[in-house]
Amino acid sequence: MSAVVVEDRGSIRILTIDRPTRRNALDLDDRLELLDALKAADREARAIVLTGAGAVFCAGGDIRSMSQDREVARKRLEVVNAVVRQMVTGQRPIVAAVEGGAFGLGLALATASDIVVAGRSARFSTSFAKIGLAPDTGLSYTLPLRVGRGRTRELLLTARIFDAVEAERIGVLETLVDDGGALDAAVVTATALAELSAPMVAGVRRLLAQPDQSLEGVLAAEADTQVELLAGPQFAEGRAAFLERRTPDFVTQFRNSSGVPFA
């Protein structure tokens, strides 16, 4: 049985973590499957929605499958590192649709997404400290970018559960919807993102993820990205549309033979 159900809605790829009997907690094989699904979606879709089957988005890592063997633990962490690296540095935007809860690794998957949509009764926790572990799956990188270092420190050390209203207030999520509506709202958001210039989206994601976030590093990266975009055909379309007072078409004119947008 597949751990990740793949569904296409137009140019949107929906990836559903499908382990509802264990609240979508991920073991090593599940993580490898999610990594492959994310890589394929980055090649084949214009935007990605990540969600979970059943009542919980993702309860984290499957504790029963965790090993105290150092080599096994290292392998598991290499895979989740690859998952979050793909999410943060890939070309396509990712929208997380959270219902029920996102805990530990599940919270890390949500915070690694570009936009988080959640139902009003969703709950969140960093969780790791409750079983004597430090964060992984990039959570100590992605969470401070959303909520700041002070709030991150408090959430990581206490591992307290916080609700969707607080999550929206502190920046863990962007859009709060009625329960049961997260997936549909995420698809609407992803569809809007898919209509944007794919090179622009990839450029913005690259700027935000680049290692050198000093002022000079960011200025240099912005200049490189902007020069590349200014020389490209999608800026030409955007400029022409502006001058002609019409909506730019960044989709139909810019596909390869497989229908995937040029990046």
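A short reminder: the numbers here are calculations on the coordinates, not readings from a lab. Please read all numbers here as calculations on a predicted model, not as lab measurements. In this analysis, Cβ positions are derived from the backbone assuming ideal geometry, glycine residues included, and neighbour counts consider all displayed protein chains.
Only DSSP H runs of four or more residues enter the estimate; each adds -39500 (n - 2.57), and after division by the residues of the chain the mean residue ellipticity at 222 nm equals -14500 deg cm²/dmol.
Among 128-134, 99-105, the peptide with the highest mean count of other Cβ atoms within 10 Å heads the list, and the full ranking is 99-105, 128-134. Overall, region 4-194 carries a charge dipole of about 580 debye about its Cα centre when +1 sits on the Cβ of Lys and Arg and -1 on the Cβ of Asp and Glu, all other atoms neutral. Going from the fewest other Cβ atoms within 10 Å to the most, the residues 16, 137 appear in the order 16, 137.
Any chance you could give the angle, 0 to 90 degrees and rounded to 10, that helix 70-89 forms with the longest Cα principal axis of the chain? The answer is roughly 30 degrees.
Looking at region 164-260, the trypsin sites (Lys or Arg not before Pro) that sit in a DSSP loop and have at most 11 other Cβ atoms within 10 Å of their own Cβ are 245, 246.
Averaged over residues, the count of other Cβ atoms within 10 Å places the peptides 74-85, 19-30, 208-219 in the sequence 19-30, 74-85, 208-219, highest first.
Farthest toward the positive end of the dipole of the chain, out of 110, 97, 162, is the Cα of 162, where the dipole comes from beta carbon charges about the Cα centre.
The long axis of helix 233-243 is offset from the longest Cα principal axis of the chain by roughly 60 degrees. Compared with the dominant Cα axis of the chain, that is its longest principal axis, helix 198-209 is turned about 50°.
Given a 10 angstrom Cα cut-off, can you work out which residue in 185, 231, 118 is the most mobile in a GNM of the chain? Among 185, 231, 118, the largest GNM mean-square fluctuation belongs to 231. Put in line by how crowded their Cβ is, counting other Cβ atoms within 10 Å and starting with the fewest, 200, 1 read 1, 200. The charge dipole of region 91-210, taken about its Cα centre with unit charges on the Cβ of Lys, Arg, Asp and Glu (plus for the first two, minus for the last two), comes to roughly 540 debye. Local charge for residue 158 was computed over the other residues whose Cβ lies under 14 Å away, with Lys and Arg +1 and Asp and Glu -1, and equals +2.
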